[in-house]
Amino acid sequence: MSFANKRLGKELAKIHGSLPPGITLVTADGFQEWLLDIQVLDANPIYMNKTFRLKFKFSTSYPIEPPEVTFTQQPDRPIPMHPHIYSNGIICLDLLGQQGWSPVQNVESICMSLQSMLTGNTKNERPEGDAAFVASNRRRPRDIDFYYHDNTV
Amino acid sequence: MDSEDDFMSGLSSDDDMLDDQSDNDDESVAEFGIDESDPELDFSHKKDTKKKKTSFEINFKVYKPEDIQRQQDDLIDEVNMILDIRKEDAAILLRHFRWNKERLIEDYMDRPKKVLEAAGLGPSTTGPPKLEVVPDFMCDICCEDEPGLKSFAMKCGHRFCASCYNQYLVQKIKEEGEAARIQCPADGCNRIIDAKSLDLLVAADLQQRYHELLTRTYVEDKEHLKWCPAPDCPNAIECGIKKKDLIRVVPTVACGCDYKFCFGCILADHQPAPCELVKRWLKKCADDSETANWISAHTKECPKCNSTIEKNGGCNHMTCRKCKHEFCWMCMGLWSEHGTSWYNCNRFEEKSSSDARDAQTKSRVSLQRYLHYYNRYANHEQSAKLDKDIFIKTEKKMVQLQSASGMSWIEVQYLNAASHALQECRQTLKWTYAFAFYLARNNMTEMFEDNQKDLEMAVEALSEMFEKNVNELSEPKLKVDIMDKTSYCSKRRDKILEHTAENLANGGWSWSVDF
Ligand SMILES: [Zn+2]
Ligand SMILES: [Zn+2]
Ligand SMILES: [Zn+2]
Ligand SMILES: [Zn+2]
Ligand SMILES: [Zn+2]
Ligand SMILES: [Zn+2]
């Protein structure tokens with residue numbers, strides 16, 4: 001069994017046991033792609049009564065390499081409004097980039113980080129240049145050099 | 001000249017390596033670079049030490065990989081002695097301070113704890129790094145907990161199994177090209193991995209890659225050092241040019257591998273045009289390429305019989321194979337009218353102002369003006385490429401010429417010299433057209449255009465001689481002519497470069513745009 005599969009197997013066993021409130025596993029067929037739903041627990045008006053779907057893609061060198069994590073749109077699963085989340089679901093978060101990633105992070109801790117990123121947000125807006133980025137971007141999220149100039153948002 | 005003082009002050013500060021060698025005997029050339037006469041550093045660029053430096057040449061040094069390594073080792077040894085810390089730690093501190101030794105020592109003397117913390121060296125316990133088997137250990141990366149699992153922790157105490165640590169470092173070094181600032185894998189820990197710990201955790205090939213990358217960061221961290229951009233060249237160049245100098249000097253440097261490039265922007269030699277002008281010109285050419293491409297196409301039709309002619313040599317003198325019509329590739333005019341009146345082909349006649357009144361005409365004129373210069377620029381670029389191919393053929397030609405004429409290998413070297421001069425002059429000519437495009441007319445423009453014309457004529461003449469066949473080349477007279485023309489071309493090139501460089505340094509040129 002590969003390095004990534006072994007670790008993901010252990011994570012999955014733990015996830016089946018319990019997950020923090022507001023995080024639910026949708027599918028985890030195999031060790032390449034998982035879907036999870038998250039909700040914001042406090043009464044943030046931007047995200048009230050909404051559920052968002054996260055897609056995790058793992059490479060064989062996970063967790064040495066970060067997974068590719070994006071929001072994915074469904075009829076009842078919008079892309080959350082946030083100045084660091086593009087309307088195509090790509091997330092600009094240093095934790096998910098090569099520089100900010102630590103291999104001790106896991107699927108659960110990423111979900112929790114994204115939950116708190118939404119919880120603390122007060123701006124009902126998209127990143128600057130969202131339309132142009134979404135129209136022109138053909139790269140995978142991991143190949144994009146986001147400039148994490150403002151981690152306070 | 002106060003402009004010189006400016007350059008002096010620009011160089012004299014904050015770099016000890018330059019100051020160490022600043023006892024220049026020739027003040028007039030010291031302003032753009034570094035002195036070459038360090039007795040210890042005999043690998044320096046010494047080609048033309050006897051020749052007086054011209055106004056368009058700057059001082060620089062070429063460093064081989066072992067020189068770069070030694071400079072780092074010397075600095076590490078020095079810090080190791082002065083601060084009495086381990087060499088590995090001295091290296092990490094120096095890298096953290098981007099090799100600014102003075103600032104490191106000063107800060108360290110003031111607040112050693114804070115400096116160590118910031119550099120990722122936190123509180124220390126002694127003892128060399130080692131792999132250990134720790135009871136009840138579980139690795140937070142792979143979640144493995146079997147007994148006997150070998151693990152490693154740096155001084156921060158964050159412990160991971162040896163295999164995870166290894167995979168993590170492989171990822172950082174191989175995939176991400178990191179070396180100087182690899183942090184502990186634990187989340188939020190900024191402890192930097194040191195060379196000794198690294199050697200314990202990864203295989204020999206990766207250790208070597210790591211040290212190569214470390215050496216690279218040394219060059220990348222130093223403002224006065226740059227890698228030679230030639231493919232596979234491991235050398236670095238040191239030059240004291242500062243960014244603010246670039247509007248008044250074009251710092252062309254020549255690496256030990258013979259590649260000439262601009263220290264300011266790392267593009268191939270673009271004298272006499274300053275970096276900013278080059279940047280704009282290249283952008284303009286890229287933007288306007290659709291309109292301009294047709295004119296630089298490699299094929300044209302003979303103006304007399306309309307058969308397609310492909311340019312296959314560097315010379316502008318075209319002879320149609322079909323009808324023997326002779327014409328100029330650039331303007332398509334009769335070649336017989338050129339020889340002495342090349343001038344008409346080199347200077348764009350500004351249209352009368354009455355024409356320009358109409359906005360449509362104006363834009364057409366401005367496009368025409370651009371195309372005029374672009375055409376000549378692209379022509380020399382293309383010719384330089386073709387001359388290069390011809391140079392490869394020239395080697396063959398030189399061999400043939402030896403047997404045809406009985407000349408020795410040394411005696412046919414003049415063809416080699418001619419080929420190099422052609423390359424160099426075309427490179428310069430090419431950029432004189434970009435230069436001219438942005439030039440606003442003043443009392444010096446005419447002199448510039450005359451110089452440009454002289455060089456252009458000399459280059460075309462040499463190019464034509466150069467392309468003669470072996471039988472013609474066996475004539476002793478042609479050899480003398482080629483040698484004369486070669487040195488004449490170089491002189492004309494020096495002339496235009498001196499004139500442009502001097503006036504660039506003293507702000508003598510007027511531009512049609514703001515730089
Ligand atoms: Zn492990
Ligand atoms: Zn640590
Ligand atoms: Zn080189
Ligand atoms: Zn440049
Ligand atoms: Zn013809
Ligand atoms: Zn012509």
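Count of the stretch A:5-50 residues, restricted to those that are modelled with pLDDT under 90 and touching a Cys at 6+ places or on another chain (Cβ under 7 Å), is 1. In a residue-by-residue description of the stretch A:104-111, the property of being crowded, with 19+ Cβ neighbours inside 10 Å and more than 14 Å from chain B (Cβ to nearest Cβ) applies to at least one position. Restricting B:Asp221, B:Asp245, B:Asp205 to residues that are away from ligand 6 (no atom under 16 Å from the Cβ), within 17 Å of the chain's Cα centre (by Cα) and charged (D, E, K, R) narrows the list to B:Asp245. Only one of B:Cys143, B:Cys184 is surrounded by 13 or more Cβ atoms within 10 Å (Cβ to Cβ), over 29 Å from B:Gln69 (Cβ atoms) and not aromatic (Phe, Trp, Tyr); which? Result of the check over B:Cys143, B:Cys184: B:Cys143.
Taken together, A:Gly9, A:Gly30 contain a single residue that is assigned to a helix (DSSP H, G or I), of a type outside the set (A, V, I, L, M, F, W, C) and surrounded by fewer than 14 Cβ atoms within 10 Å (Cβ to Cβ), which is A:Gly9. Taken over the stretch B:210-248, the criterion of being within 16 Å of ligand 3 (Cβ to nearest atom), over 15 Å from B:Pro65 (Cβ atoms) and either buried (at least 16 other Cβ atoms within 10 Å of the Cβ) or modelled with pLDDT of 90 or more (or both) is satisfied by B:Pro229, B:Cys239. In the stretch A:1-22, the residues that are more than 11 Å from every other protein chain (Cβ to nearest Cβ) and β-branched (Val, Ile, Thr) reach residues that are assigned to a loop (DSSP other than H, G, I, E, B) and crowded, with 16+ Cβ neighbours inside 10 Å with C-beta atoms within less than 9 angstrom, at least six apart or across chains, in these pairs: A:Ile15/A:Ala28. Figure legend. Inter-residue proximity from the stretch B:268-284: first residues of a type in the set (A, V, I, L, M), second residues modelled with pLDDT under 90 and not in a helix (DSSP H, G or I), beta-carbon distance below 7 Å, spacing 6+ or different chains. Indicated pairs: B:Leu277/B:Phe515. Selection of the stretch B:166-183 for residues being of a type outside the set (Phe, Trp, Tyr) and within 14 Å of ligand 1 (Cβ to nearest atom) yields B:Asn166, B:Gln167, B:Leu169, B:Val170, B:Gln171.
Might you let me know whether the stretch B:418-426 holds any residue that is at pLDDT 80 or above and in a loop (DSSP other than H, G, I, E, B)? No; the residues of the stretch B:418-426 include none that is at pLDDT 80 or above and in a loop (DSSP other than H, G, I, E, B).
Counting the residues of the stretch A:61-85 that are away from chain B (no Cβ under 14 Å), in contact (Cβ under 8 Å) with a residue 40 or more places away in the chain and out of contact with any strand residue (DSSP E or B) (no Cβ under 9 Å at 6 or more places or on another chain) gives 2.
When restricted to residues that are in contact with a Pro (Cβ under 9 Å, 6 or more places away or on another chain) and either farther than 17 Å from B:Arg426 by Cβ or of a type in the set (Asp, Glu) (or both), the stretch B:263-290 contains 4.
Within the stretch B:166-200, being free of Cβ contacts under 8 Å to residues at least 60 places away in the same chain, of a type in the set (A, V, I, L, M, F, W, C) and not in a loop (DSSP other than H, G, I, E, B) holds for B:Leu169, B:Val170, B:Ile173, B:Leu198. Of the strands (runs of 3 or more DSSP E) that lie entirely inside the stretch B:225-280, those containing 2 or more residues that are touching a Phe, Trp or Tyr at 6+ places or on another chain (Cβ under 8 Å) span B:225-227, B:236-238, B:252-254.
If you go through the stretch B:457-488 and pick out every residue that is out of contact with any Cys (no Cβ under 8 Å at 6 or more places or on another chain), within 20 Å of B:Phe327 (Cβ to Cβ) and either outside the structural domain of B:Ser383 (by TED's automatic domain parsing) or not hydrophobic (A, V, I, L, M, F, W, C) (or both), you end up with 1.
The values are calculated or read from the model by the stated rules, or taken from the named source; none is laboratory data. All of these numbers come straight from a predicted model, not from anything done at the bench. Note that we place each Cβ from the backbone using ideal geometry, even for glycine, and neighbour counts take in every protein chain shown.
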